[in-house]
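Q: Sending over a structure as structure tokens; questions will come in a sec.
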Amino acid sequence: MVRNWMRVILVTGCMLAACAPTSQPDVAVSDPPAPTVAVSEPPAPTVAVPDAPAPTVAAGGQSEDTPLPAEPPPYGAEIEFTTDFSKHSVPYSEILSGGPPKDGIPSIDDPDFQSINEADEWLEDREPVVFVQVGDDARAYPIQILIWHEIVNDVIGGEPLLVSFCPLCNTAIAFKRTFNGQVLDFGTTGRLRYSNLIMYDRQTETWWQQATGNAIAGEFTGAQLELYPAAIISWADFKNLHPNGRVLSRNTGYSRDYGKNPYFGYDDINQSPFLFDGTTPDQLPPMARVLTVDLNGEAVAYPYDVLEKLHVVNDVVGGGEIVVLWAEGAASALDRGRIAEGRDVGSAVAYARLLDNQTLDFEFRGGTFFDTQTGSEWNILGQAVSGKLAGKQLTPIVSINHFWFSWAAFKPETRIYQP
């Protein structure tokens, strides 16, 4: 009981630190003895997104695209927001305050970018970054920055995109910002549901669930944002494979202790999730890391401890033939007090196996990925680096890192991959 209260106090303090005003000095977080809590550019890939995603059904059984009867909104919501709270698709009792108010954790709305060489002065090889590419425009969003801001409103390769990261769920998710004929800008509500970030758009102040992209309260209730592939990879992999890529800089307009982890110790497998009042299927520990794929009505979770042993998984999800690749070298952002010192959890990314009308099968040998049809060698970003298919690019599919509790809260029917 004492440990639980200490964890609540520490994590809440970290969240409040993340929303400190710009006039405040950087927040120093010491690393405790034991956690209390918590080449040339290849052709650009074509992004595959499911045409008709299945309705998201949370653990309580309520579909997030089904309106509910009107009820009083969460405490203080009508003071901070002007949206129509009579429209909602989840019980307001499931929404909790995370501590900071609306925009207390400030989004980055005018992102500044640097070259690889410039960013290499302050990023270490093992640090995790969120990789997003549109056409020839490849960008890295260091989690050491996202962990303090959670949302970046950006335009990549001419496509308005939202790049988001929820530290409490370890979810880095990108969405298209063009919706219903207009480009939306997003901010943080300061609220959580199942410990997951609830975002809002500044045009209608509709509330959106970050884990699923569903509008859960306000004008657009029942709608869903279109997801876009994004992957958590190491800085070393990004800079080596995209030497002309661009990197989100620390010039955010805010004073934050970039490089420090305000949630140190949170991803301990023995921890309990913060501000989570749902139930978690017991096939995996709540804080187990998984990569999730949701295609054509079928959801699958690939546990990281399985991926670390296999490195390659050839699978079929929703009738689509996919491959999941795992490579070592990326640090956990939520482990040590300094992100670069986090334990190695590796990177996992999913791709379609269909290439030029041929379905490929992959294997891992000698520390490298190969397809068995041609013997070509591939890297973690789905690029063929040698062999008959050299220069080819696998099509990335939407695959998302989660803690098991977070994904299972929204997709309890998920199949857990086992070899």
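The values are calculated or read from the model by the stated rules, or taken from the named source; none is laboratory data. None of these values were measured; they are calculated from a predicted model. In this analysis, Cβ positions are derived from the backbone assuming ideal geometry, glycine residues included, and neighbour counts consider all displayed protein chains. For the accessible areas, the whole protein counts, side chains as well, though only heavy atoms, and no ligand, DNA or RNA atoms are used. Shrake-Rupley method; radii C 1.70, N 1.55, O 1.52, S 1.80 Å.
Q: Tell me which residues, restricted to segment 343-354, are surrounded by 20 or more Cβ atoms within 10 Å (Cβ to Cβ), assigned to a strand (DSSP E or B) and among the aliphatic types (A, V, I, L, M).
A: Ala348, Val349, Ala350, Ala352
Q: Ala340 fails exactly one of the following numbered conditions: (1) surrounded by fewer than 21 Cβ atoms within 10 Å (Cβ to Cβ); (2) assigned to a strand (DSSP E or B); (3) among the hydrophobic types (A, V, I, L, M, F, W, C). What is the number of that condition?
A: Unmet for Ala340, out of (1) surrounded by fewer than 21 Cβ atoms within 10 Å (Cβ to Cβ); (2) assigned to a strand (DSSP E or B); (3) among the hydrophobic types (A, V, I, L, M, F, W, C): (2).
Q: Return the residues of segment 318-337 that are farther than 16 Å from Gly259 by Cα and not in a strand (DSSP E or B); say none if nothing qualifies.
A: Gly318, Gly319, Glu328, Gly329
Q: Considering Val324, Val316, which residue is over 18 Å from Pro412 (Cβ atoms), modelled with pLDDT of 95 or more and under 20 Å from the mean Cα position of the chain (by Cα)?
A: Just a single option satisfies the conditions, and that option is Val324.
Q: Next question, about the same structure. Of the residues Gly157, Gly181, which is in contact with a Gly (Cβ under 6 Å, 6 or more places away or on another chain), open to solvent by 10 Å² or more (accessible area, probe 1.4 Å) and more than 21 Å from Ala299 (Cβ to Cβ)?
A: Gly157
Q: Restricting to segment 257-275, count the residues that are farther than 13 Å from Ile143 by Cα and in contact with a helix residue (DSSP H, G or I) (Cβ under 6 Å, 6 or more places away or on another chain).
A: Residues meeting the conditions: 2.
Q: Here are some conditions: (1) at positive phi; (2) modelled with pLDDT of 95 or more. Tyr258 meets all but one. Which one does it not meet?
A: Only one criterion in (1) at positive phi; (2) modelled with pLDDT of 95 or more is unmet by Tyr258, namely (1).
Q: If you don't mind, another one. Kindly indicate which of Gln224, Gln209 is open to solvent by 20 Å² or more (accessible area, probe 1.4 Å) and under 18 Å from the mean Cα position of the chain (by Cα).
A: Gln224
Q: Pairs under 7 Å by beta carbon, first residue farther than 19 Å from Thr414 by Cα in segment 206-226, partner hydrophobic (A, V, I, L, M, F, W, C) and not in a strand (DSSP E or B), six or more apart or different chains?
A: Thr206/Phe220; Trp208/Leu225; Ala215/Ala223; Ile216/Val90; Ala217/Phe85; Gly218/Phe85; Glu226/Val49
Q: Tally up the residues in segment 97-128 that are outside any strand (DSSP E or B) and either hydrophobic (A, V, I, L, M, F, W, C) or under 18 Å from Asn240 (Cβ atoms) (or both), please.
A: Number of matching residues: 14.
Q: So which strands (runs of 3 or more DSSP E) are wholly in segment 356-402 and hold at least 1 residues that are farther than 20 Å from Pro229 by Cβ and touching an Asp or Glu at 6+ places or on another chain (Cβ under 6 Å)?
A: By residue number, 368-371, 384-386.
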